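Asks: Would you mind keeping the following structure in view while I ask a few things?
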Amino acid sequence: MTSPAKPHARRRALTGGLAALGLSSVMITTVGVPPASAATWPRPSSSQPVSSTINVSGVRDGGMVRYYGSGDLAGDGQEEGQDPIFKLAPGATLKNVIIGAPGADGIHCEGSCTLQNVWWEDVGEDAATFRGGSTYNVIGGGARKASDKVFQHNGPGTVNISNFAVSEFKTFYRSCGDCSTQHTRKVNLSNIEATGTGSTARLVGINVNRNDVATLRGITILNDAGRKVIPCQKYNNNTAVGTGPDSKNCLYSNSDITYR
């Protein structure tokens, strides 16, 4: 009779299996959501061009279709004022979607929203913009090739981002520094895997003069021997005024950041 495996042996086997798949154990937390990893991007089930913004209310399951801009939505640069591929009504959920290139202005949430297992292959102007509402949840997924911002927070409220992989980015989350109507905003990052490129990048940019608060937990930063990825950049609107943890605005400790 074979002896039952010891618990610590099972843990070693699981860790080895994750390593073989290119997954970080820090990403394996949310049940029912595929763990994000810089090395495990999904294959689209099909591809669909989008020439005018798709409006979403309720729940839309994209079935892992790749949507990409065409016609009036064929832009993929940083020009302000581009229309999005998807526009979510307050309370809407968009899940299991891949946004390809051109990505236009990604996704606009007009109110509180949930983005679940959404992947941006080549971020256009921004991956998603949060414009109104109080709570915005990004659960799983990933984004890459963001020459400016990934998530832009223009409205009030709190953005929660968990189990997400990001690479080739400049700023992962930015609280708007020059919106005509300003707010105190919050962002919570949990189980994020960020891959550096050797250039300066920021996980979050917040306005300390507006009393913004960023909380970072379970952050893994890859390929950043030079420590170019700044976990928390502080601004007075658009003027950088410092970095690093504190007890008021940038809430994290050194143990919340792992470099690999």
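Asks: Quickly run through segment 106-125 and pick out the residues that are in a loop (DSSP other than H, G, I, E, B) and either within 18 Å of Lys186 (Cα to Cα) or at pLDDT 95 or above (or both).
Replies: The first filter runs over segment 106-125 and keeps only residues in a loop (DSSP other than H, G, I, E, B), leaving 106, 110-112, 121-125.
Matches in segment 106-125: Gly106, Glu110, Gly111, Ser112, Glu121, Asp122, Val123.
Asks: In the set Ser147, Ser180, Ser167, which member is more than 15 Å from Cys109 (Cβ to Cβ), free of Cβ contacts under 8 Å to residues at least 12 places away in the same chain and among the hydroxyl-bearing types (Ser, Thr, Tyr)? So that I can check it myself, show each step before the final result.
Replies: Values: Ser147 fails: free of Cβ contacts under 8 Å to residues at least 12 places away in the same chain; Ser167 fails: free of Cβ contacts under 8 Å to residues at least 12 places away in the same chain.
Ser180 is the lone residue from the list that is more than 15 Å from Cys109 (Cβ to Cβ), free of Cβ contacts under 8 Å to residues at least 12 places away in the same chain and among the hydroxyl-bearing types (Ser, Thr, Tyr).
Asks: Follow-up. Taking Asn211 as meeting all but one of (1) closer than 13 Å to Leu189 by Cα; (2) loosely packed, with under 15 Cβ neighbours inside 10 Å, write down the number of the exception.
Replies: (1)
Asks: Looking at segment 116-132, I want the residues that are closer than 18 Å to Thr181 by Cβ and have a partner that is charged (D, E, K, R) and surrounded by 24 or more Cβ atoms within 10 Å (Cβ to Cβ) with Cβ atoms under 7 Å, at least 6 apart or on another chain. Which pairs are those?
Replies: Thr129/Asp105
Asks: So, one more: Could you run through segment 91-105 and say how many residues are closer than 23 Å to Ser45 by Cα and part of a loop (DSSP other than H, G, I, E, B)?
Replies: Qualifying residue count, segment 91-105: 6.
Asks: With the checklist (1) closer than 21 Å to Asn237 by Cβ; (2) surrounded by fewer than 22 Cβ atoms within 10 Å (Cβ to Cβ) in hand, flag the one item His153 doesn't pass.
Replies: (2)
Asks: Another question about this same structure. Scan segment 207-231 and report the pairs whose first residue is touching a residue at least 12 places away in the same chain (Cβ under 8 Å) and whose second residue is of a type in the set (A, V, I, L, M, F, W, C) and assigned to a loop (DSSP other than H, G, I, E, B), with Cβ atoms within less than 9 Å and a gap of 6+ or a chain change.
Replies: Listed by first residue and then by second, the contacts come to Asn207/Cys176; Leu222/Ala38; Asn223/Ala38.
Asks: Mind listing whichever residues of segment 83-104 are surrounded by fewer than 21 Cβ atoms within 10 Å (Cβ to Cβ), of a type outside the set (D, E, K, R) and on the phi < 0 side of the Ramachandran plot?
Replies: Ala89, Pro90, Thr93, Ala101, Pro102
Asks: Being in a loop (DSSP other than H, G, I, E, B), free of Cβ contacts under 8 Å to residues at least 12 places away in the same chain and on the phi < 0 side of the Ramachandran plot is the requirement here; does Ser199 meet it? Talk me through it step by step, then tell me what you get.
Replies: Values: in a loop (DSSP other than H, G, I, E, B): yes; free of Cβ contacts under 8 Å to residues at least 12 places away in the same chain: no; on the phi < 0 side of the Ramachandran plot: yes.
Taking the combined requirement at face value, the residue does not satisfy it.
One line per residue, one yes/no per condition, for (1) surrounded by fewer than 24 Cβ atoms within 10 Å (Cβ to Cβ); (2) modelled with pLDDT of 95 or more; (3) part of a strand (DSSP E or B); (4) in contact with a strand residue (DSSP E or B) (Cβ under 9 Å, 6 or more places away or on another chain):
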| site | (1), (2), (3), (4) |
| --- | --- |
| Thr158 | yes, yes, yes, yes |
| Ser162 | yes, yes, yes, yes |
| Phe172 | no, yes, yes, yes |
| His183 | yes, yes, no, yes |
| Leu189 | no, yes, yes, yes |
| Val204 | no, yes, yes, yes |
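The values are calculated or read from the model by the stated rules, or taken from the named source; none is laboratory data. These numbers come from a predicted model, not from an experiment. Reconstructed Cβ throughout: ideal geometry from the backbone, glycine too, with neighbour counts over all protein chains shown.
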